[in-house]
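S.K.: Submitted below is the structure of interest, expressed as structure tokens.
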Amino acid sequence: MFESMYAAHGIGLAAPQIGISKRLAVIDVSFKEDPGAKLVIANPEIIHKEGKQRESEGCLSIPEFRENVSRARMVRVRAQDVEGAWFEAEGEGLLARAFQHEIDHLDGKLYIRHLSALKRDLILRKVKKLQKAGEWK
Ligand code: GNR
Ligand code: NI
């Protein structure tokens with residue numbers, strides 16, 4: 001999964017995005033710079049949220065679009081590692097956004113769910129247009 005994520009220049013990837021129906025995601029907000037930043041989260045849950053941030057967000061499942069999304073500034077996550085051991089991790093800023101974005105994927109949600117109906121429908125209409133033109137996957 002890390003390979004697929006790096007190949008796509010992503011900072012996170014959820015298993016369902018590549019056809020694996022598991023509550024599993026990988027995250028590396030350092031983009032390979034820091035080997036210690038690699039995170040595997042299985043069966044993750046957000047156990048604490050704090051503050052607010054509103055920043056530009058993109059998704060490998062809807063490439064070419066970016067929108068500002070409101071998220072918690074800091075989150076604490078409980079998850080299992082590759083060995084199945086439970087651990088807790090805390091993230092702020094970009095890492096907090098990656099946690100929330102990937103956990104949304106595991107619940108079948110894309111970031112456009114957090115936009116206004118107007119913006120979401122505009123993106124969905126553009127995607128449908130691209131699909132019609134055969135320019136979408
Ligand atoms: O690569 C990605 N960048 C990103 C930037 C801001 C907030 C979330 C993300 S996740 C995204 C990769 C992706 O779609 N993962 O599911
Ligand atoms: Ni995504």
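S.K.: Restricting to the range 101-137, count the residues that are modelled with pLDDT under 95 and at positive phi.
M.R.: 2
S.K.: Exactly one condition in (1) within 14 Å of ligand 2 (Cβ to nearest atom); (2) in contact (Cβ under 8 Å) with a residue 24 or more places away in the chain; (3) not hydrophobic (A, V, I, L, M, F, W, C) is not met by R76; state its number.
M.R.: (1) is the only condition that R76 fails.
S.K.: Any idea which of (1) surrounded by 12 or more Cβ atoms within 10 Å (Cβ to Cβ); (2) closer than 22 Å to V29 by Cα is the one L122 doesn't satisfy?
M.R.: For L122, the exception is condition (2).
S.K.: Related question: Could you identify the single residue in E83, E64 that is at pLDDT below 95, in a loop (DSSP other than H, G, I, E, B) and closer than 24 Å to M1 by Cα?
M.R.: The match here is E64.
S.K.: Can you say whether G108 is near ligand 1 (Cβ under 10 Å from one of its atoms) and under 13 Å from the mean Cα position of the chain (by Cα), as far as the supplied structure shows?
M.R.: When the stated conditions are applied, G108 does not pass them.
S.K.: Same structure, new question: Do you know which residues across the range 103-137 are of a type in the set (K, R) and within 26 Å of I46 (Cβ to Cβ)?
M.R.: Scanning the range 103-137 gives K109, R113, K119, R120.
S.K.: Of all residues in the range 1-46 being out of contact with any Phe, Trp or Tyr (no Cβ under 9 Å at 6 or more places or on another chain), of a type outside the set (A, V, I, L, M) and in a helix (DSSP H, G or I), which is nearest to ligand 1 (Cβ to nearest atom)?
M.R.: The residue in question is Q17.
The values are calculated or read from the model by the stated rules, or taken from the named source; none is laboratory data. Just so you know, these numbers come straight off a predicted model, no measurement behind them. Cβ sites come from the backbone with ideal geometry, for glycine too, and all protein chains shown count toward neighbours.
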